[in-house]
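The next block holds one structure in the form of structure tokens; read it before the comments.
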Amino acid sequence: MGYRCVATSVAGFVQQLAVCYVGRGYYFYVRGGIPPHKDPAVIDRKLVERYGIAVSKWTRCRRRKRGQASLQYLRHGGFFVLLATHGEHPFFASEGRLVRDIRRQPLRFMGYAIGCRPARGGVPLHASVRIERGEFVALKAHLGRMAVHRSVEDLCRILGSLPYEPYAPVRDQLRILVRAINRRRKAAGLEPVPWEALRRRRKPVRPFGPQASEPMDGLHDLFCPERAGRSDCIPERTFFRSDSYERHTEKEPEPAQAGDPEGREPDSLPETGSVQKGVGPAPGGPGGHD
């Protein structure tokens, strides 16, 4: 079986990135988009071969003992990300100023912000998946406007169909939404929305499994054609994902710059370590986590 790198769903991409990669020390990343006129399979093969990514876990173990970095590659649709661990590797010199540290700059994808934070009550780092801030503010504002115009049943259906997997930080954000809704309903003398309306358990998916429809895709319960034009109706899912969804799916990637054939996005150097000589930041750097 060859190296698998194409996630067939948003949930699978986020799960593979956060649980299998960031959770195992792949903190440094470069993200990019594949232009529509290019074949994604060709780009996949080119990047995997360039950085020697398709190796066994035993090879990665030997590299780690020698102080060398290991890499992973993951793509969904036209959006891809290259990830690396601590250590020496030509990746750091080749990508230069494009390399980011996910502990300081969370990766934003399809309404999610994937980062790395200290565990509650402890020092060890762990992956953190939450709703991206701008996305969450827009969602909270819309649900607040419809809080007193919908029945409890409608609001429960809407909250249960939100397209965000209930990771722990996401569950905290959803509880904030319910409290905001119930404050408005209490002031209006209406019945509160019960906590049972929220999804509490995440169902693991197969990241590279057969193509399947996205769970709760489209947020049909948020659309009320019979009340089109009313401020208490949420027209479509993409409104919530205005920032990241449009950036990664609706807008065409910028033309590739010289020395940047895959259209990766430039950004500032990571604040930890140096990448000028192909050496990744050393472990145990400053603890300024996002």
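The values are calculated or read from the model by the stated rules, or taken from the named source; none is laboratory data. Computed from a predicted model, the values in this text were never measured in an experiment. Note: ideal-geometry Cβ built from the backbone for every residue, glycine included; neighbour counts use all protein chains shown.
Could you tell me whether any residue of region 57-66 is touching a Lys or Arg at 6+ places or on another chain (Cβ under 7 Å) and more than 24 Å from His126 (Cα to Cα)? So that I can check it myself, show each step before the final result.
We begin by selecting, within region 57-66, every residue touching a Lys or Arg at 6+ places or on another chain (Cβ under 7 Å); these are none.
No, region 57-66 has no match at all.
Scanning for something outside the structural domain of Pro169 (by TED's automatic domain parsing) and surrounded by 22 or more Cβ atoms within 10 Å (Cβ to Cβ), does region 118-126 turn up at least one residue?
no
Within region 91-104, is there a residue that is out of contact with any His (no Cβ under 7 Å at 6 or more places or on another chain), hydroxyl-bearing (Ser, Thr, Tyr) and surrounded by fewer than 18 Cβ atoms within 10 Å (Cβ to Cβ)?
For region 91-104, residues out of contact with any His (no Cβ under 7 Å at 6 or more places or on another chain), hydroxyl-bearing (Ser, Thr, Tyr) and surrounded by fewer than 18 Cβ atoms within 10 Å (Cβ to Cβ): present.
Which pairs turn up if I take residues in region 10-29 that are within 19 Å of Arg104 (Cβ to Cβ) and in contact (Cβ under 8 Å) with a residue 24 or more places away in the chain and look for partners that are in a helix (DSSP H, G or I) and not charged (D, E, K, R) with beta carbon separation below 8 Å, at least 6 apart in sequence or on another chain?
Once the first residue is within 19 Å of Arg104 (Cβ to Cβ) and in contact (Cβ under 8 Å) with a residue 24 or more places away in the chain and sits in region 10-29, its partners that are in a helix (DSSP H, G or I) and not charged (D, E, K, R) give Phe28/Phe92.
Take the conditions crowded, with 23+ Cβ neighbours inside 10 Å and touching a residue at least 24 places away in the same chain (Cβ under 8 Å) and apply them to Leu83. Does it pass?
So Leu83 fits the description; yes.
Here is a yes/no grid of residues against (1) without any contact (Cβ under 8 Å) to a residue 12 or more places away in the chain; (2) among the acidic types (Asp, Glu):
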{"site": "Arg31", "(1), (2)": "no, no"}
{"site": "Pro35", "(1), (2)": "no, no"}
{"site": "Asp44", "(1), (2)": "no, yes"}
{"site": "Leu47", "(1), (2)": "no, no"}
{"site": "Ile53", "(1), (2)": "no, no"}
{"site": "Ser56", "(1), (2)": "yes, no"}
{"site": "Arg62", "(1), (2)": "yes, no"}
{"site": "Gly67", "(1), (2)": "no, no"}
{"site": "Leu71", "(1), (2)": "no, no"}
